[in-house]
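Structure first, then comments.
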Amino acid sequence: MWSKRDTILMVGVIWAVLLMWLFAVDFGRSPFPPASPISQIIFNAYTIVVISAGVVASIFIGAMIYFVVKFKERGHGEG
């Protein structure tokens, strides 16, 4: 049965994974300033793609981590 506690824990795991992702990619910031207007447009697209990928990946990875921990085998002979 799915409870409110399960929902809160799963959302917490997803947020933690998302924050780790964003920290790893430096929150989508450029390591150098854009040199031209075209490079600024490319960098803006890069930022959108990195953050979008982080959201999708964090939902998937967070759910996988949560379900692996929640439904791990408890031992032989139990339900």
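General remarks:
- For region 24-36, filtering for residues that are at negative phi and either modelled with pLDDT of 95 or more or open to solvent by less than 60 Å² (accessible area, probe 1.4 Å) (or both) leaves 4.
- Hey, Ile14 open to solvent by 70 Å² or more (accessible area, probe 1.4 Å), of a type in the set (A, V, I, L, M, F, W, C) and part of a helix (DSSP H, G or I) or not: no
The values are calculated or read from the model by the stated rules, or taken from the named source; none is laboratory data. These numbers come from a predicted model, not from an experiment. Surface areas here come from the heavy atoms of the whole protein model, side chains and all, with no ligands, DNA or RNA. Shrake-Rupley method; radii C 1.70, N 1.55, O 1.52, S 1.80 Å.
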